[in-house]
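To keep things clear, I will list the structure first and then write my remarks on it.
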Amino acid sequence: DAAALVAQAARRMASVQSFHFLLTTPRGKTMITEQVELQSVEGDVARPDRFRAAFTAKAAFVTLTIKVIGIGDRLWVTNPMEREETYLEVTNPASEQLPQLDLLNPDRLMTAAVQLLEDPKIGGTEKIDGVPTTRVEGTFNIKRIEEIAGTPIAELAAVQPLRVRIWIDQESRVLRLELDGPLTEMETGPIVRRLDLSQFDAPVAIEPPASTPEASS
């Protein structure tokens, strides 16, 4: 049944040590600020606390791609204005108008959505990149993320429960997850975020940048 399928997927995904991800917004807009739109994030997660990603942001007629490396509680980002790839350590991501960390590294959000899915129901079967999957639908109250993570997501604390769709393959792995609804108070109207996962347990080496300028606050 749906509940057993999701529970097995939660256990399987908890055992995964690394994965590749692509976060997109098939419907609506994901906003970083009122003027800056987050178009996509793609990267790798190496558990327990490392990730690297590249995100594309659009403001007016300018589109920029910025790379990010996160290790523990340290974060480095590239300067898109520099010709050479130069990383700067950031101590206050909000002051740099970066996307929420749980979008740059969606591991915590994905894990909570699977483990805390409410009222799961089988929605059908589909193939993703040729792989058969079962689609499970339910709801997720993001305010409950503290039950798993130990700390709440401050930026997302005011949102309502979200509709969720999860695509689970025959190995109990989550290949795709979609969240319906705004994650922040500045976002309104219909919005769908899609997280595609692949390359489970592939070798991933994520290290600090070789040299960086002084940390930015």
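The values are calculated or read from the model by the stated rules, or taken from the named source; none is laboratory data. For clarity, every value in this text was computed on a predicted model and none was experimentally measured. Reconstructed Cβ throughout: ideal geometry from the backbone, glycine too, with neighbour counts over all protein chains shown. When the accessible area is computed, the model is the full protein with side chains, heavy atoms only, and any ligands, DNA or RNA have been set aside. Shrake-Rupley method; radii C 1.70, N 1.55, O 1.52, S 1.80 Å.
What is the helix-to-structure angle for 2-15, meaning the angle in degrees between its Cα long axis and the longest Cα principal axis of the chain, kept from 0 to 90 and rounded to the nearest 10? In the chain, helix 2-15 runs at an angle near 40 degrees to the longest axis. Between Trp76, Phe61, Met110, the Cα set farthest toward the positive side of the dipole of the stretch 41-117 (charges on each charged residue's Cβ, about the Cα centre) is that of Met110.
Look at where the Cα atoms of the stretch 1-45 and of the stretch 89-144 average out, and the two centres are 4 Å apart. Length gained on full extension, Arg83 to Asp1, computed as 0.36 nm times the residue gap minus the Cα-Cα distance: 24.2 nm.
For the stretch 38-86, the set of chymotrypsin sites (Phe, Trp or Tyr not before Pro) satisfying both a DSSP loop assignment and a count of at most 12 other C-beta atoms within 10 Å is given as Phe61. For the peptides 13-25, 132-144, 100-112, 77-89, the ranking by mean Cβ contacts within 10 Å, running from highest to lowest, is 100-112, 132-144, 13-25, 77-89. The convex hull defined by the C-alpha atoms of the chain has an orientation-averaged projected area of 12.4 nm².
Look at the alpha carbon pairs under 8 Å that are at least 6 residues apart: their mean separation over the length of the chain gives a relative contact order of 25 percent.
If you place +1 on the Cβ of every Lys and Arg and -1 on the Cβ of every Asp and Glu, how big does the dipole about the Cα centre of the chain come out, in debye to the nearest 20? The partial results should precede the final answer.
On the way: 23 positive and 32 negative charges, 111 e Å.
It works out to roughly 540 debye.
Probe radius 1.4 Å, ligands and nucleic acids ignored: give me the carbon and sulfur share of the accessible area of the stretch 1-142 as a rounded percent.
49 percent
Solvent exposure of the chain, expressed per residue, is 52 Å² of accessible area, with all protein chains present and a 1.4 angstrom probe. Think of each Lys and Arg Cβ as +1 and each Asp and Glu Cβ as -1; about the Cα centre, that makes the dipole of the stretch 37-112 roughly 100 debye. Projected over every direction and averaged, the convex hull enclosing the alpha-carbon atoms of the stretch 1-115 yields 8.5 nm².
Compute log10 of I(q)/I(0) for the stretch 1-64 with the Debye formula, placing one identical point scatterer on every Cα and leaving out solvent, at q = 0.15, 0.18, 0.20, 0.26 Å⁻¹, to two decimals. Listed by q, the Debye log ratios stand at -0.67, -0.81, -0.87, -1.03.
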